Amino acid sequence: MFITLDPSSTVIGYSIWDEHNKEYVPIECGLITPFKSRLDVIERVRQLTHQVSRLVEEYEDELEFVVIEVPFSQQHSPASRHTSLPVWSFAAGTIYGLLLAKGIEVKEVDNQKWTKRISKEKRKEKAKLLFKNIYTPTQDRGGDAADALLLGLWILEQEYQSAQ
């Protein structure tokens, strides 16, 4: 079993993959959101991290690893302190640290490496086609749950290719 996380500056898309008949399939996906809206950055990330911790604890006995999307190392951002990139980086780093502290193997994936510059809308459409049994696009306005699902698919393809 593994979990994928697609953190953003406001929510975290997640998917849970389990092994059935020697194949991994997604069994759940969704969004992790703060308990309250309009929180300052520190409190928002604290609440998101707490909920990730609860999710991981729920599956801890069966969990093999967690995949987390991280910002591209050369991604540029405006100098504004309100931009989402620093918040996204802060959230991803905080969650990464939490997982390491729990002794969980973490596989970090560069956002531009796995998306290959495919638009968010096209990724949502692909998730809708491939995972219609668990993915509801109308509940995923920002495409974070779709990205968590497709990130899981991408990591499985990478694992398969490296095993060849």
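Observations, loosely collected:
Results for (1) within 22 Å of Glu58 (Cβ to Cβ); (2) at pLDDT 95 or above; (3) crowded, with 16+ Cβ neighbours inside 10 Å, shown as yes or no for each residue.
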{"site": "Phe90", "(1), (2), (3)": "no, no, yes"}
{"site": "Leu99", "(1), (2), (3)": "yes, yes, yes"}
{"site": "Gly103", "(1), (2), (3)": "yes, yes, no"}
{"site": "Lys120", "(1), (2), (3)": "no, no, no"}
{"site": "Glu125", "(1), (2), (3)": "no, yes, no"}
{"site": "Ile134", "(1), (2), (3)": "yes, yes, yes"}
{"site": "Leu150", "(1), (2), (3)": "no, yes, yes"}
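- Any chance Gly30 is at pLDDT 90 or above, out of contact with any helix residue (DSSP H, G or I) (no Cβ under 8 Å at 6 or more places or on another chain) and small (Gly, Ala, Ser): no
- Neighbours by Cβ (under 9 Å, 6+ apart or cross-chain): first from segment 119-142, within 17 Å of Pro7 (Cβ to Cβ) and in a loop (DSSP other than H, G, I, E, B); second modelled with pLDDT under 95 and of a type in the set (S, T, N, Q): Gly142/Ser8; Gly142/Thr10
- Residue count for segment 1-27, restricted to those that are among the aliphatic types (A, V, I, L, M) and without any contact (Cβ under 8 Å) to a residue 24 or more places away in the chain: 1.
- Output for segment 45-74, where each listed residue is under 13 Å from Ser89 (Cα atoms) and out of contact with any Ser or Thr (no Cβ under 7 Å at 6 or more places or on another chain): Ile68, Glu69, Val70, Phe72, Ser73, Gln74
- For the criterion of being modelled with pLDDT of 95 or more and of a type in the set (Asp, Glu), Glu57 passes.
- Among residues of segment 99-152, those that are in contact with an Asp or Glu (Cβ under 7 Å, 6 or more places away or on another chain) and small (Gly, Ala, Ser), counted: 2
The values are calculated or read from the model by the stated rules, or taken from the named source; none is laboratory data. Note that the structure is predicted; figures quoted are calculated from it, not measured. Backbone-built Cβ (ideal geometry, glycine too); neighbour counts: all protein chains shown.
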